[in-house]
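Have a look at the structure below before the remarks.
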Amino acid sequence: SPGFTLMYSLLEYEVRRSPMTFGKQMLAAISDADRAVLSDQTILEQFIDAASECFAQGVDGLVRDAKVLYRAWSFDVRAIDRVVHFWQGIDDRLVPHEINHRVAQAMPKAVWHPVSPGGHFIAVTLAREILSFARRVIEG
């Protein structure tokens with residue numbers, strides 16, 4: 001917990017001190033696929049605004065999320081007996097694809113959709129395709 005608190009406190013400080021510097025630092029740290037997404041100034045500004053909003057109440061919420069993500073869960077994902085689709089950019093440098101792939105492999109009916117090239121922001125680049133797929137699944 002102290003490690004998560006420190007990490008998120010540093011991010012909060014940077015976002016609040018200089019949002020555009022934070023944006024530039026993110027651009028330097030992410031994959032080429034994600035840099036292409038954030039090269040759109042409007043999307044970059046929306047990302048920075050969203051990052052700022054994450055810290056509107058401080059770092060406690062993000063620390064709690066990280067604790068839940070990285071501890072043993074109170075349920076067994078192997079018991080989830082329904083189809084769950086995972087889309088993940090293989091070049092995601094913010095959430096390594098191995099994390100979600102491991103969860104998907106444990107679920108008996110999970111469908112893994114690796115996106116290459118693709119980074120953290122595939123929900124932006126593939127929004128139409130993913131939502132269209134979801135609609136087809138829902139409509140049967």
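Summed over qualifying helices (DSSP H, 4 residues or more, each -39500 (n - 2.57)) and divided by its residue number, the chain shows a 222 nm mean residue ellipticity of -18500 deg cm²/dmol.
I need the calculated FRET efficiency for the pair Ser52 and Asp81, taking r as the beta carbon distance and R₀ as 30 Å, to the nearest 0.05.
Values: r = 40 Å, r/R0 = 1.33.
That pair, Ser52 with Asp81, gives E of 0.15.
What's the local net charge at Val15, with K and R +1, D and E -1, over the other residues with C-beta under 15 Å away? Could you put the intermediate results ahead of the total?
Working: positive: Arg16, Arg17, Lys24; negative: Glu12, Glu14, Glu45, Asp49, Glu53.
Taking every Cβ under 15 Å from that of Val15, the sum is -2.
Full extension of the chain between Lys67 and Val95 gives 8.6 nm of extra length, using 0.36 nm per residue less the Cα-Cα distance.
Under a Cβ-Cβ cut-off of 12 Å, what is the net charge of the residues other than Ile48 that fall near it, where Lys and Arg count +1 and Asp and Glu count -1?
Numbers: positive: Arg16, Lys24; negative: Glu14, Glu45, Asp49, Glu53.
Around Ile48, the charge tally is -2.
Tell me, what is the percent relative contact order of the range 1-100, built from C-alpha pairs under 8 Å that lie six or more residues apart? Computed value for the range 1-100: 35 percent relative contact order. Evaluated on the range 32-140, the Kirkwood hydrodynamic radius is 16.0 Å, with distances taken between all distinct Cα atoms. For the range 77-94, putting each phi into the Karplus relation 6.51 cos²θ - 1.76 cosθ + 1.60 with θ = phi - 60° gives couplings of 4, 5, 8, 6, 9, 8, 6, 10, 9, 10, 9, 8, x, 5, 9, 5, 9, 8 Hz, in residue order, rounded to whole numbers and with x for Gly and Pro. Cα centroids of the range 6-20 and the range 82-140: 29 Å apart.
Computed from the coordinates by the stated procedures, all read-outs in this text should not be read as laboratory data. Everything numeric here is computed off the predicted structure, so don't read it as measured data. Glycine also receives a Cβ, built like all others from the backbone with ideal geometry; neighbour counts cover every protein chain displayed.
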